[in-house]
Amino acid sequence: MKKFLALLLMIPLLLGMTVPPAHAKPLIDASAAVMVDASTGQVIYEQNAQKKLPIASISKLLTAVVIEDEVHSKQITGDTKVKIDSGVADISNDPQYSAIGLQEGNAYTVRELLNASLVKSADGAALALSAAAGDSLDEFNMKLQQKAQDIGLKNYTIVNPVGLTNGDLKSLASKQYTDNAENAMTATDVAILARYLVNHYPQLLQVTAQKQVTFMISKGKTKTEKNLNEMLPGGKYTVPGVTIDGLKTGTSDKAGACFVSTGNYRGHRIITVVLHANGQNKDNRFVQTQRLYQMLKQGDRLQTITLPKNIRQQPLADGQTRQATLSPKQITVWNAGGQIHKYTLAVKMKKQYLNKQGQLVAPLHRNQTLGELDLSSSQVKTLDGGPLTYRLTSTDNVARGNFWQRLWH
């Protein structure tokens, strides 16, 4: 855990903008929905966000995160090959599933399987990934559960890395669960998972942004599959001004049609979650996601706050200047929670950059992260219930030196 020292008392400030409340009557035609800012974790809109629901293949996002953990810890690499057994091949070639046609006895790289899992949503590929580091399916499931706990999910059930019911795994079904057991989360937990993925493993967005991928199924045989995400640039459900580059669809009898998206709007990375879009048309999940993004474009939803000078100018010891200038000059807050009457700001600097008097100490380097700025308000909500947090960085290189000596000479 980072160690910080608070340098300033909370500073009350007033805002006077009126915006539509986040807790208005349901606007999204789905069982649950949420929209958040990936950087700060601010909840921009929510609807039944604490209701636990089946999530189907959205589960594969958690599988991808655990695989990236294994790559990061050097247990495996993208080139690690996984040999396909009969159980995985059975599911991978069953047309009733999201099938990619992996062949028993063939070996595929982690990179290939990850592409198949996230682009095609291939069930067999996700199952194969669970064995990449030598784990059994139950052992990998324990990793999934531990990761869910570590990243702060609160109300979830993890049965397997795919999102199928336990019984649908056929010979690979776990004896620990009933046949009807399946993965479930709240929309809030799905958003926390998606936020963790884009902030810790942004390289996965290079995978999810692909409009199609060609897989080598066996020697001399390839298969090209289209991305199931219909909101990518050029897709049927794009939103003008928003650039979508992920994340994942999910569909099952109990989950209905689900979709988690992430995209950039006005320089902000947004995450949306739609669980169990209503109606028989699976594309309604994209229509409802469109509605979420269109909410951002209705009126001036993004408010800019100029930071006071006593936050941006911090005392500096042993430097060629007496003060360190911090960035940013301004921060932004989404006006989606009704009129914000007041908020408080608090600066917390990292202890390793401070002397015993609580002053920053030279040398400093440009863009060096020195601490954090927290914004708190009873009318601003975040995924974790904490304040909005922004990085504070040095705007300049500041060498060590005696300021007073330089002043007089």
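The values are calculated or read from the model by the stated rules, or taken from the named source; none is laboratory data. Please read all numbers here as calculations on a predicted model, not as lab measurements. No Cβ is skipped: glycine too gets one built from the backbone with ideal geometry, and neighbour counts run over all protein chains shown. Accessible surface areas use protein heavy atoms only, side chains included; no ligands, DNA or RNA. Shrake-Rupley method; radii C 1.70, N 1.55, O 1.52, S 1.80 Å.
Below is a table of values for the structure above.
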| quantity | calculated |
| --- | --- |
| Residue satisfying condition, being more than 30 Å from Leu364 (Cα to Cα), open to solvent by 20 Å² or more (accessible area, probe 1.4 Å) and either without any contact (Cβ under 8 Å) to a residue 24 or more places away in the chain or among the aromatic types (Phe, Trp, Tyr) (or both), within set Asn284, Asn278, Asn264 | Asn264 |
| Residue among Leu153, Leu102 that alone is outside any helix (DSSP H, G or I), of a type outside the set (D, E, K, R) and touching a Gly at 6+ places or on another chain (Cβ under 6 Å) | Leu102 |
| Output for segment 133-166, where each listed residue is closer than 24 Å to Lys81 by Cβ, surrounded by fewer than 24 Cβ atoms within 10 Å (Cβ to Cβ), hydrophobic (A, V, I, L, M, F, W, C) and touching a residue at least 24 places away in the same chain (Cβ under 8 Å) | Ala133, Leu137, Phe140, Leu144 |
| Extreme residue, modelled with the lowest pLDDT, among residues of segment 208-229 that are surrounded by fewer than 20 Cβ atoms within 10 Å (Cβ to Cβ) and of a type in the set (Val, Ile, Thr) | Ile217 |
| Conditions (1) surrounded by 18 or more Cβ atoms within 10 Å (Cβ to Cβ); (2) at pLDDT below 95: number failed by Val242 | (2) |
| Segment 167-187 - residue that is within 28 Å of the chain's Cα centre (by Cα) and in a loop (DSSP other than H, G, I, E, B) and, of those, surrounded by the most Cβ atoms within 10 Å (Cβ to Cβ) | Asn183 |
| Residue check for Glu225: acidic (Asp, Glu), under 26 Å from the mean Cα position of the chain (by Cα) and in a strand (DSSP E or B) | yes |
| Every residue from segment 347-363 that is closer than 18 Å to Arg400 by Cβ and over 31 Å from the mean Cα position of the chain (by Cα) | Leu354, Asn355, Lys356, Gln357, Gln359, Leu360, Val361, Ala362, Pro363 |
| Ile44 vs. criteria part of a helix (DSSP H, G or I), surrounded by 19 or more Cβ atoms within 10 Å (Cβ to Cβ) and not basic (Lys, Arg) | no |
| Condition check for Gln50: closer than 25 Å to Tyr156 by Cα, more than 16 Å from the chain's Cα centre (by Cα) and open to solvent by 30 Å² or more (accessible area, probe 1.4 Å) | yes |
| Of the criteria (1) within 28 Å of Asn48 (Cα to Cα); (2) out of contact with any Ser or Thr (no Cβ under 7 Å at 6 or more places or on another chain); (3) assigned to a helix (DSSP H, G or I), which one Val207 fails | (1) |
